[in-house]
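Participant: Below are the C-alpha cells for one structure; questions will follow.
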Amino acid sequence: MTVNQAQMLNAWAASRAAMVGIALFASGCNSISDTPGFSGLFGPENPELAGDPTAQAGIDYEIAVRGLGVGDSPEETAENQRMLEIVKSQARVYKLQDNPPPSVALLKRRATADVALVERALKSEGYYEGMAVITVDEFEKEVPGSEAARKAEELANSLEAGNDDDPVFVDIADPVTQPVVNIFVRKGPRYSLARQGVIIEPAVASDVQERVQEAAAINVGGPAQGRAVVDAEQAALGALNRVGRPYAKKGKRRAEANFDFDTLDVITKLDAGPFTVYGDTEIVGLRDVEEKYIRDFITWKKGDPVSRGTLRDAQRALSGTQLFDSLTVEIPSAPPEDHPDDEPYVAPVLITAEEGKHRTISGGVSFSTSDGAGVTAKWEHRNLLGQNEQLTLATEIDQDRQSAGINYVKPRFGKPSRDLVGNFEVFREQDEAFDVLGATGTIGIEEQITEHLKGSIGLGLEAAQTRENGQTLDSYLFGLPLTLAYDNTDDLLDPTEGLRGSAVVAPWAGLFDEQEAGFVIVDLSGSTYIPFDRKRNYVLATRARTAAVFAESRDRVPANRRLFSGGGGSVRAFENRFAGPLDDEDDPTGGLTAAELSVELRLRYGSFGVVPFVDAGIVSEELFSEYDQIRYGAGLGLRYFSPVGPIRVDVAVPINRRDADRPFQFYIGIGQAF
C-alpha cells in the first residue's frame, strides 16, 4: 500500500465538516469526480477498459472482500450483498480476473486503479463517506500466525472498527504462493436525499413552475443515489418539454452534503428555452402509403404548445404499423439564433418516412409425437389499399389437422384504438377423438382498451360435419364470441416477467344432428412469469386454465366444440386431447368442464437453457361433476435462444399412465410452451 493511500484515509477523517458545498457543472455527470470526498457520484457506470496495460496473460490471483458480509440485520446483509455485486461489476480485478497480469507489480497497478472505481461505486449508491483499501498480499495464507497474515488482519479490524488512525499496510517483496487481492470496504452511513429542486430561467408561469418542482422532487426521501438525482433532473426537463418548452436544457448543479445528518440537498439550474407552438406539419418520403392515413396519427393542432412526448408517441405509433424501414417525427433541433426570447417560436413539424416492403412470405416447421411433423406457410400484405389494411393467407398441415384461411384487418376503424377484423377458414381434423370437416368465419371489432388490455366482439358462423363412434353428424352454428385479453409481459415468444390472461365467453346456437342446439363456452386462462435475478436468466413460469361448456348434455355439443386436455400447449405428457376420459375403444370423449395447471423453471445459460416442468389436467364429461382422474406429467426441455426466438425441445412422461397412453411425448417448436 502506498503513502498516498494512507494520506487519503487520513484526509477522509479530516473531511467530516458540518456542511460542504459542491458545485456540479452541466457539462455532465462526470464533473463531480473532481470534488474531494465525492469522486464520481454521477460518473460513468462502466469505465473504459480498452488499452489496460495489465490485461496480459500472467499470474493467477485470488480475491477476498471484507466489510460487505453479514450485517446486524437481514436488511443490512441483503444491502451488503447488493453492494458486493456492484463492486464486482466495477472493479477491474474482478472483470479481468480471467486475464491476469504477468507480474505482481502490474497486479498492484490494477488494484490501485480499482480504489477510485470502488469508491465511486459506493458514492453513486449514496455512501458518501465510503472508503476502500485494496492490498495485494503475497503471503501463504495457510500459515497461521505469519507476520503478513497478522498485519492484514490488523488492517481489516482497524477499518471495520472505524479507526481513523494510520493503518498498517502489507507490502511483501517475495510471494510464497499466488497473490491474494484483499478489498477492504467501509460503507459508512447511507445518505438520503433531503431536498432536490430546480431554478428555472427565464421564469415560467407559476403552475408550470410548481409542476416542474414536483417532478424534480420525485426521489426526495429516498437514498441519495447518483442515478436518482439524474432521473429527477430528467423528469423536471420532461415536465418542461410537455408544456411548450421543447428546448429546455440542464445547467449547473449544486449539491450540499450535511455530514451531521447524513443528507444531501441538490439544486439544478434549468434553461427553459423559448415558449414553442406547433407550426405546419410536412410529410415527405411516402410512396404507396396514403398521406391521409399518416395525418390520422397527428394529434396536435397548429398553435398548440409543443410537447416532445406527443411527437414521440406519434413516431412510435407510426413505426408500429410495420409500413416503414425508418420514420422520424421532429421539430428543428434549435430555434433560430435571432429569435426574440419574449415571443413564442412557431416550430414546423417534419415527418420523414422511408417505406419498407409491404409483402412478406414466411413459414415454419414443428414436430411432436402427438401431431407428427407440421409445416405452416403464410403470405401477408400490410398495405392492401394504401391505409395499412392487412391481408393474410395462411395454410397449416400436420398429421392430424390441415387448414387454409384468409384474414383481413382494417386498422383505426372509426377510432385510433379500434380495428375491423374478419377471417375465414376451411379445415379438416382427424384423430382418435373425432374426424371433422368444416368451414368457419367471423367478423367483428377489436379494441385496445388500455396499454395492456384488449377486447373483441364479433359474429361467428360455422358449418361442420363430424364423424364420431361411427356416426356422421352435421352442425350449422352461429355465435357471438367475446374476448378480453391482458398482457404486460416483456416478450411475445420468450416472456421473463409479467402477466398474461384471457377470458372468452362464446354463446353458440343453431342446428346439430338436425335438432336445435344451444350452448355457451366460458374459457379462462392466465400465466405468470417471475424472474429470480436481474438478468432474468432464472424464471418461474406458471399457467392455469379453467373452462366450462354450459349445455343440456355433452351429446348435444358437437365434438369439435367440447373441452379436451393434453398436447403441446396443455398437459405435455399426453397426446393431443388424451388427458381426460376415454371411451371403451380408448378414444378421447371430451367433456363439459376442464382445468389445467403447469409450472416450469426456465434456466438460461448463455445461448442455451434447461426447463424442468410439471403439468396437470382434468376433464369432466358433465358440468362440474363426475370428474375423471387428474392426469399428471413431468418433463425436461432444452432451449436454444436464436435471433428469432427460443427454439424449444420438450420431452414429457405421464406420471399416472394408462395402457392407452404413450410412454413419452416429444415436441419441437419456436417459442416457449406458454
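The values are calculated or read from the model by the stated rules, or taken from the named source; none is laboratory data. Owing to the predicted nature of the structure, the values given are computational and were not obtained by experimental measurement. Please note: Cβ atoms are built from the backbone with ideal geometry, for glycine as well, and neighbour counts cover all protein chains shown. Quick note on the areas: whole protein, heavy atoms, side chains included, nothing else; ligands and nucleic acids left out. Shrake-Rupley method; radii C 1.70, N 1.55, O 1.52, S 1.80 Å.
Participant: Can you tell me how many residues within region 80-103 are open to solvent by less than 30 Å² (accessible area, probe 1.4 Å) and either outside any helix (DSSP H, G or I) or among the hydrophobic types (A, V, I, L, M, F, W, C) (or both)?
Facilitator: 9
Participant: Which numbered condition trips up D661, out of (1) modelled with pLDDT under 95; (2) crowded, with 17+ Cβ neighbours inside 10 Å; (3) not in a loop (DSSP other than H, G, I, E, B)?
Facilitator: Looking at each condition in turn, D661 falls short on (3).
Participant: Just a yes or no: is a residue in region 220-231 within 30 Å of A347 (Cα to Cα) and part of a loop (DSSP other than H, G, I, E, B)?
Facilitator: No, region 220-231 contains no residue that is within 30 Å of A347 (Cα to Cα) and part of a loop (DSSP other than H, G, I, E, B).
Participant: Something else about it: Only one of these is assigned to a loop (DSSP other than H, G, I, E, B), in contact (Cβ under 8 Å) with a residue 60 or more places away in the chain and in contact with a His (Cβ under 6 Å, 6 or more places away or on another chain): N388, N383. Name it.
Facilitator: Residue meeting the stated conditions: N383.
Participant: Take residues that are within 30 Å of S366 (Cβ to Cβ) and open to solvent by less than 50 Å² (accessible area, probe 1.4 Å) and tell me which of the strands (runs of 3 or more DSSP E) falling wholly in region 398-495 contain 3 or more. Quick ask: steps written out before the conclusion?
Facilitator: On the way: elements: 401-410, 418-430, 435-448, 453-468, 471-479, 482-487.
Because the criterion is at least 3 residues that are within 30 Å of S366 (Cβ to Cβ) and open to solvent by less than 50 Å² (accessible area, probe 1.4 Å), the strands (runs of 3 or more DSSP E) in region 398-495 that meet it are 401-410, 418-430, 435-448, 453-468, 471-479.
Participant: If you go through region 583-632, how many residues are under 38 Å from the mean Cα position of the chain (by Cα), open to solvent by 30 Å² or more (accessible area, probe 1.4 Å) and of a type in the set (G, A, S)?
Facilitator: Count: 3.
Participant: Now a separate question. Name the residues in region 336-373 that are open to solvent by less than 70 Å² (accessible area, probe 1.4 Å), outside any loop (DSSP other than H, G, I, E, B) and without any contact (Cβ under 8 Å) to a residue 24 or more places away in the chain, would you?
Facilitator: T360, S362, G363
Participant: Looking at A317, is it touching a residue at least 12 places away in the same chain (Cβ under 8 Å), under 29 Å from the mean Cα position of the chain (by Cα) and open to solvent by less than 70 Å² (accessible area, probe 1.4 Å)? Break it down into steps so the answer makes sense when it comes.
Facilitator: Values: touching a residue at least 12 places away in the same chain (Cβ under 8 Å): yes; under 29 Å from the mean Cα position of the chain (by Cα): yes; open to solvent by less than 70 Å² (accessible area, probe 1.4 Å): yes.
Judged against the criteria, A317 is a match.
Participant: Select from region 297-314 the residues that are open to solvent by less than 60 Å² (accessible area, probe 1.4 Å) and either within 17 Å of P416 (Cβ to Cβ) or within 33 Å of the chain's Cα centre (by Cα) (or both) and list them in ascending order.
Facilitator: Result: F297, I298, W300, V306, S307, G309, T310, L311, A314.
Participant: Would you be able to say whether some residue in region 257-277 is of a type in the set (G, A, S), open to solvent by 20 Å² or more (accessible area, probe 1.4 Å) and under 21 Å from P340 (Cβ atoms)? Write out each step before concluding.
Facilitator: To start, the set of residues in region 257-277 that are of a type in the set (G, A, S) comprises 257, 272-273.
From what's left, open to solvent by 20 Å² or more (accessible area, probe 1.4 Å): none.
No, region 257-277 contains no residue that is of a type in the set (G, A, S), open to solvent by 20 Å² or more (accessible area, probe 1.4 Å) and under 21 Å from P340 (Cβ atoms).
Participant: Please indicate, with yes or no, whether at least one residue in region 325-334 is touching a residue at least 40 places away in the same chain (Cβ under 8 Å) and assigned to a loop (DSSP other than H, G, I, E, B).
Facilitator: Yes, that holds for at least one residue.
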